[in-house]
Amino acid sequence: LMAGVAAIGLFCSTVALATTATVTANIAFENAITITPNNQINFGIVTAAVGAGDSYKISSAGAVTVLAGTGVSLGGTIQAGSYSIAGSATQTINISVGNYVTNSSVAPTTAVCAYNGGAEDADCVIAGAAAPTGAGKTLLVGVTVTTTGAKAAGTTAAPTFDLTVVYT
């Protein structure tokens, strides 16, 4: 009889037919793009404009040239703009400029730029540029400006434009 009870016990034991496990879903989000100005564009000192039409260009290397009119670059602090772009270690970026805004009778027209030691881009539209890994990569920026009216000696102007960087 004991053997029969033991046999029945074996068949009546509870066996787990289901179990639960916790699943973890890991997700990592890309670093946001940042643009940090190291220095702004500075044409230095140029001769006063007697009328509209004096045009100057500062290259991404910081060289000022007179494109039109009677203006002359006289020196002073001359520098291209320099910006650090940081973000993803893997995603490429697109760089562009726009929204040119005249200030005090000086109109910016065409920006130029050089990204990460590369050649100067004639309109600062760069597609598929290298990912700005680590501490970031440098973008050097220049621009052409033209006087839209007379500029008296001792006055200043600060025209602007937007620099846009997006992941591709």
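Assorted remarks:
- The residues of segment 13-168 expose, per residue, 56 Å² of accessible area to a 1.4 Å probe.
- Pairwise FRET efficiency - Asn26 versus Glu120, Cβ, R0 = 45 Å, nearest 0.05: 0.60
- Applying the criteria of a DSSP loop state and at most 10 other Cβ atoms within 10 Å to the chymotrypsin sites (Phe, Trp or Tyr not before Pro) of segment 15-96 yields Phe29.
- Using only side-chain charges placed at the Cβ, +1 for Lys and Arg and -1 for Asp and Glu, the dipole size of segment 16-168 relative to its Cα centre rounds to 180 debye.
- Atom-type composition of the exposed protein surface of the chain places 60 percent of the accessible area on carbon and sulfur (1.4 angstrom probe).
- Dipole of the chain, positive end: most advanced residue of Ala135, Gln91, Val101 [Cβ charges, Cα centre]: Ala135
- Secondary-structure-derived ellipticity at 222 nm for the chain, considering helices only, amounts to -2000 deg cm²/dmol, per-run term -39500 (n - 2.57) for DSSP H runs with n ≥ 4.
- Normalised by the number of residues in segment 10-168, the mean separation of alpha-carbon contacts (under 8 Å, six or more apart) gives a relative contact order of 29 percent.
- Note on Val101 and Thr36: their simple-model spin labels are 2.5 nm apart, each label 7 Å out from Cα toward Cβ.
- Gained length - Ala48 relative to Ala150, 0.36 nm times residue gap less alpha-carbon distance: 36.0 nm
- For the set Val66, Val143, solvent exposure ranked by accessible area (probe 1.4 Å, protein chains only) runs largest to smallest as Val66, Val143.
- Scanning residues 5 or more positions from Val72 or on other chains, those with amide H under 5 Å from its amide H are Thr47, with H placed 1.01 Å from N in the peptide plane.
- Compactness of segment 79-168 - radius of gyration and Dmax, Cα, Å: 15.0, 50
The values are calculated or read from the model by the stated rules, or taken from the named source; none is laboratory data. Since this is a predicted model, take the numbers as computed values, not measurements. No Cβ is skipped: glycine too gets one built from the backbone with ideal geometry, and neighbour counts run over all protein chains shown. Keep in mind that these areas ignore ligands, DNA and RNA; they rest on the heavy atoms of the full protein, side chains included. Shrake-Rupley method; radii C 1.70, N 1.55, O 1.52, S 1.80 Å.
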